[in-house]
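One structure is given below, encoded as structure tokens.
Values in this text are rule-based calculations from the coordinates and carry no lab data. Everything numeric here is computed off the predicted structure, so don't read it as measured data. A quick note on method: Cβ atoms are made from the backbone with ideal geometry, for glycine too, and the neighbour counts reach across all protein chains shown.
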Amino acid sequence: MSGAPAAFPLSAARLRRLARPGSFLRFVLRRLLALVLLLLGITFVAFVLTELVPSNAAATNLGEQAAGDPAAVKAFEEHYGLDKPFPIRYLIYLKHLLHGDLGQSSLTHNAVTHDLGQFIPATAELALYSIFFAAIVGVTFGVIAGLRRNRPVDHGLRVVSLAGISMPTFWIALVALYVGFYRLGWFPGGQRLSPGTNPPPTVTGLYTVDALLEGNWSLFTQAFHHLLLPALVLAAFNVSLLTRFTRSAVLEVVGNDYVRAARAKGMPERVVVVRYILRGALPSVVTVLGLVFANVLTGAVLVENIFSWPGIGQYAFQAAVNLDVPAIAGVSMFVAVVYVTVNFIVDVLYGVIDPRIRVT
Amino acid sequence: MSTIALRGRAAFGLRHRVNPGLRQPLAVIGAVIAVAWVLIAIFAPLIAPANPLAQTFTPSMAPSWQHLFGTDELGRDVLSRVIYGARVTLPIGILIVLFAAAIGGSVGAIAGYFRGPIDGAFMRSADLVFAFPPIILAMVVAAVLGRSLQNAAIAIVIVAWPSYARVMRGLVLTVGDSEYVQSARLLGASARRALLRDVLPNVAGPILVLMTLDLATAILLLSGLSFLGLGAQPPQPEWGSMVADGTQYFQWWWMGTFPGLAIFTVVLAFNFLGDSLRDVFDPRTGLRHNETA
């Protein structure tokens, strides 16, 4: 009896030490608790939404014929607890959620989870490439602006980045499509693949990755060609954001002694910039990732609309305009959950980078 | 923890430092464009060459001297529609920001001043709004309320107020601890009086910056919702929905390009202004709106 607790790696004393104020574990636990509460809040918002929308749920879900059958309607109402009071309905809703049941879309007549599974990879692929492009260009611009502070290049990049956040995404998409597709014919006019092309066998759902896994090079180039224009359009806003963040991060680092020491040692400027300045500046750029992600989702709703991209933005839009309640609730819940989770990760990363944050 | 760049510089009132900022070229350019658009909106009937709703011309003519921006698929003059569009977008954008600032500002001020459970409840509801990407929430709210410009505006107010609540709360927390507010309370000033007379003037600057930048965001969102068909309804000349028409007939590039340019210039003007103003109030300049949820 007496030996067992000592052998256990997490003794009470050790736990207390780990959880002391300002410790990393305590910080993560507190953020995690906040995350769980937030997730509950999100489910509540989604639930209230489904309650607010005036609709005959049974009729829209079951279709006309089944809705005429009292037994079927009754079974449906019992399954979703529609005959119960409000708090009970919320608990039933939560129970269904935990079982992965988001209800059935009244538009597609599929389970919402099935629909989400169909549409998420398309948006994920678009978003990943877009963030990748934005990161390369934005970080480069930011470093240049930071190193040339208050020079013409810096002022020029400030104007460019302000212009970038001022252009409506849907308008850039339209102009890009007009020039790139209609006028020059360099890019396809939308969709993920040319009509009549079979998608690669599904592994990840990302066509470029799946095509490579299949070893189908021409399919890869086709998929890449299709996503290039929408991904670039989607990147525009984030390029601006990342430029500005990188610039201020570089400015914080560039005056430090270790940078001066590296220069004094006679290191080539390229090495100083990449190994010293960029390495010091990048961690704080990570913190903007949550915002970048939100921007991509926002842009996706508009860009997918123009490029007929069968992604989650289109799904959300179709659900909203058709008042397809289960789909609206499902998609906004999914998006919100991903969004707060990204922010949670960013928060924790930030705590790793800057220990002062942990106390607040 | 809302690390908002504006927060630390609570003590700067409006009066002291505006002038050097207005000497910045970007601020001047922004102000000129913004004023120009306001004038265009006010004098639209005098400037516009044609009635924005009259379908009197040959449909889908390319830009020419008769129709500088061409005509649309129904034979309306695009230039006139763009000019009248300012009458839709500007007032509604300004109203959205005023409402969001009033609601969010009051919530934040009350939360920051009284602290405790009120603070907790108010700020958690703000967090909840921040949990959704703005356009998703705005789109859903606008769709649920019914498609109209007014409902789209309400939807944007709903997604926009929390940033004011956060900034205001942070500012009030710092200013509220200051000695002059404490002594005002000791002299018998009510909480309401202390908030309005002692706290508010000191937080006006940062809130003004936020409102300017937010006006840009609100206009983008509003035109985005209209683009999706959830805002202005035909035949109202609204820039976002005009761009949407342009995507239907995109071989006629002028239909979408010019209203898009209008949105771009208006939003750019307010971003120029807001960005320059921020430099005035916060030399450390960051771009951190809702960094964390």
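For the segment A:337-344, counting C-beta atoms of other chains within 10 Å of every residue's C-beta and taking the mean gives 3. Relative contact order of the stretch B:116-200: 24 percent, from C-alpha pairs under 8 Å at least 6 residues apart in sequence. Taking the alpha carbon gyration tensor of the protein assembly as shown, multiplying each eigenvalue by 5 and rooting it gives semi-axes of 38, 35, 30 Å, largest first.
The stretch between A:Ile345 and A:Thr108 holds 81.9 nm of extra length on full extension. This uses 0.36 nm per residue minus the Cα-Cα distance.
Which one of A:Leu126, A:Leu278, A:Leu25 has the biggest mean-square fluctuation once chain A is modelled by GNM with Cα springs under 10 Å? Comparing A:Leu126, A:Leu278, A:Leu25 in the GNM, the peak value goes to A:Leu25. Computed about its Cα centre, the charge dipole of the stretch B:22-292 is approximately 580 debye, with only Lys, Arg, Asp and Glu carrying charge at their Cβ.
Entry note, the stretch B:22-292: relative contact order of 25 percent, from Cα contacts under 8 Å with a spacing of 6+ residues. Between the listed residues A:Ile42, A:Thr298, A:Phe141, the Cα displaced farthest toward the positive end of the dipole of chain A, a dipole computed from Cβ unit charges relative to the Cα centre, is found at A:Phe141.
Give me the inter-chain shielding for A:314-325: mean count of other chain Cβ atoms within 10 Å, whole number please.
Numbers: counts 0, 0, 6, 7, 0, 3, 10, 7, 1, 4, 1, 1.
Going residue by residue through A:314-325 and averaging, the value is 3.
As I understand it, the value is the acute angle between the Cα axis of helix B:200-227 and the longest principal axis of the Cα atoms of chain B; what does it come to in degrees, rounded to 10? Once rounded, the angle reads 30 degrees. Across B:Leu186, B:Leu213, B:Leu137, mean-square fluctuation computed from a Gaussian network of chain B (C-alpha pairs under 10 Å connected) peaks at B:Leu186.
Scanning chain A for trypsin sites (Lys or Arg not before Pro) in DSSP loops with at most 15 other Cβ atoms within 10 Å, what's the longest stretch left with none? All intermediate terms of the calculation are to be shown ahead of the outcome.
Numbers: sites that count: A:Arg148, A:Arg149, A:Lys265.
My reading of the result: A:1-147 is the longest stretch.
Shape annotation for the stretch B:22-292: C-alpha extents along the principal axes are 73, 44, 30 Å, from largest to smallest.
Under 17 Å of direct C-alpha separation, and excluding same-chain neighbours fewer than eight residues apart, A:Lys84 reaches these lysines: A:Lys74, A:Lys95. If you wrap chain A in the convex hull of its Cα atoms and look at it from every side, the mean projected area works out to 28.2 nm². Which whole-angstrom value gives the distance between the alpha carbon centres of the stretch A:127-171 and the stretch B:146-171? Using only Cα atoms, the two centres lie 28 Å from each other.
Quick one: net charge around A:Glu304, please, counting Lys, Arg +1 and Asp, Glu -1 for every other residue with C-beta under 13 Å from its C-beta. Walk me through the intermediate numbers first.
On the way: positive: A:Arg192; negative: A:Glu125.
Combined, the nearby Lys, Arg, Asp and Glu give 0.
Please work out the Kirkwood hydrodynamic radius for the stretch A:287-352, using every pair of different C-alpha atoms, and report it in angstroms with one decimal place.
Working: mean 1/r = 0.0788 Å⁻¹.
For the stretch A:287-352, the Kirkwood estimate is 12.7 Å.
Using the Cβ-Cβ distance between A:Phe224 and B:Thr265 with R0 set to 30 Å, the FRET efficiency works out to roughly 0.30. Here the relative contact order of chain A, from alpha carbon pairs under 8 Å that lie six or more residues apart, stands at 25 percent.
Counts of other chain beta carbons within 10 angstrom of each beta carbon in peptide A:158-165 average 5.
For the peptides B:97-110, B:169-182, residues were scored by their other Cβ atoms within 10 Å and the scores averaged per peptide; the highest-first order is B:97-110, B:169-182. What is the angle, in °, between the Cα long axis of helix B:149-176 and the longest principal axis of the Cα atoms in chain B? Nearest 10 is fine, range 0 to 90. Helix B:149-176 sits at roughly 30 degrees to that axis.
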